[in-house]
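Chemist: Following this message is one structure expressed as structure tokens.
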Amino acid sequence: MRRSNEMVSPTVDLLKEQLPVQQEPLVLSGDVRTGLVLVDVVNGFCTVGAGNLAPKQPNKQIAGMVAEAVRLARAFCERKMPVFAFLDTHHPDIPEHPYPPHCIIGTDEANLVPELQWLENEPNATLRRKDCIDGFIGSIEKDGSNIFVDWVQRHQIKSVLVVGICTDICVLDFVSSAFSARNRGILAPLEDVIVYSRGCATFDLPVHVAQASKDLIAHPQELMHHIGLYIATGRGAKVASEVLFAA
């Protein structure tokens, strides 16, 4: 029997041919007020062995995403450009079906990865702990206000650059809601949502692993990453192949 990655690669190649994702380099010059959004770059999703939904072994796609998230966060803060970070954080008595317990409040799983923990003391960054997949919904306060909406309006952001995990789950849900809110005039002056492909990642659950358990659904990493990007473009997102800063 062939290994799962040997079977997935031709499938992904065919998918990319039939469902192409247009990507272009993004050069940030300061002409357009741009904010950086980090989605769930926390230990529970990114640090090997950190929890039920963390990678079991080093993962190239996730490691690359973390590295790009750190690079961009540093660059944005050095330039005094606004940064907004979502941290997946759950109460132990409120499960998030169909996922096993993860990122429980008060545990290290719910904290930013070590390379980003400096953001906690960074005045240029806004951190928001969310208790649901969709960060936009998770930004709603009890009085009906929305922390993310307030951030966009306070900084007069016209474009947001989104990185994080998972491409096809938390990132995609946030992007979809952001466009719905923008289209209803809730997020003025926001115009563009840009997803950075190398700055995003998802988890890997090969078919043969899923088939060994009735509770798991196959989730091949490269395939689902591409699907997440493709659906995001269908919502209206632009996809960046790389992110550079003008001199």
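The values are calculated or read from the model by the stated rules, or taken from the named source; none is laboratory data. Computed from a predicted structure; not experimentally measured. A quick note on method: Cβ atoms are made from the backbone with ideal geometry, for glycine too, and the neighbour counts reach across all protein chains shown.
Chemist: So the check is Cβ under 7 Å with 6+ separation or different chains; which pairs have a first residue in the range 91-103 that's modelled with pLDDT of 85 or more and a second one that's in a loop (DSSP other than H, G, I, E, B) and hydroxyl-bearing (Ser, Thr, Tyr)?
Modeler: Cys103/Thr89
Chemist: Out of the residues in the range 171-180 that are surrounded by 24 or more Cβ atoms within 10 Å (Cβ to Cβ) and under 14 Å from His225 (Cα atoms), state the one that is farthest from the chain's Cα centre (by Cα).
Modeler: Leu172
Chemist: Considering only residues that are farther than 27 Å from Arg79 by Cβ and more than 16 Å from the chain's Cα centre (by Cα), which ones fall in the range 122-145?
Modeler: Across the range 122-145, the qualifying residues are Ile140, Glu141, Lys142, Asp143, Gly144, Ser145.
Chemist: Go through (1) touching a strand residue (DSSP E or B) at 6+ places or on another chain (Cβ under 9 Å); (2) surrounded by fewer than 18 Cβ atoms within 10 Å (Cβ to Cβ); (3) in contact (Cβ under 8 Å) with a residue 12 or more places away in the chain; (4) part of a helix (DSSP H, G or I) for Leu119 and report which single condition fails.
Modeler: Result: Leu119 passes all but (2).
Chemist: Let me ask you something else. Which number in (1) surrounded by fewer than 18 Cβ atoms within 10 Å (Cβ to Cβ); (2) under 20 Å from Asp40 (Cα atoms); (3) modelled with pLDDT under 95 marks the one condition that Gln211 misses?
Modeler: (2)
Chemist: To continue, here is another question. Take the range 25-66 and flag every residue that is without any contact (Cβ under 8 Å) to a residue 40 or more places away in the chain, of a type in the set (A, V, I, L, M, F, W, C) and out of contact with any Pro (no Cβ under 7 Å at 6 or more places or on another chain). First the steps, then the outcome.
Modeler: The first filter runs over the range 25-66 and keeps only residues without any contact (Cβ under 8 Å) to a residue 40 or more places away in the chain, leaving 31, 48-49, 56-58, 60, 63.
Filter again for of a type in the set (A, V, I, L, M, F, W, C), leaving 48, 63.
Listed by number, the list holds a single entry, Ala63.
Chemist: State which residue is nearest to Lys16 (Cα to Cα) when the search covers only the range 236-247 and only residues that are in contact with a helix residue (DSSP H, G or I) (Cβ under 7 Å, 6 or more places away or on another chain) and surrounded by fewer than 17 Cβ atoms within 10 Å (Cβ to Cβ).
Modeler: Among those residues, the one meeting the criterion is Gly236.
Chemist: Could you please let me know if Asp31 is of a type in the set (D, E, K, R) and in contact with a helix residue (DSSP H, G or I) (Cβ under 6 Å, 6 or more places away or on another chain)?
Modeler: no
Chemist: I'm checking my understanding of the structure. Among residues of the range 26-46 that are among the β-branched types (Val, Ile, Thr) and either surrounded by 20 or more Cβ atoms within 10 Å (Cβ to Cβ) or under 11 Å from the mean Cα position of the chain (by Cα) (or both), which one is farthest from Asp173 (Cα to Cα)?
Modeler: Checking each candidate, the answer is Thr34.
Chemist: Would you confirm, using the coordinates I've provided, whether Ala85 is touching a Cys at 6+ places or on another chain (Cβ under 9 Å) and among the small types (Gly, Ala, Ser)?
Modeler: no
Chemist: While we're here: Consider only pairs whose beta carbons are under 8 Å apart and that are at least six residues apart or on different chains; among these, list those whose first residue lies in the range 9-24 and is modelled with pLDDT of 95 or more and whose second residue is among the charged types (D, E, K, R).
Modeler: Cβ pairs passing all conditions: Glu24/Lys238.
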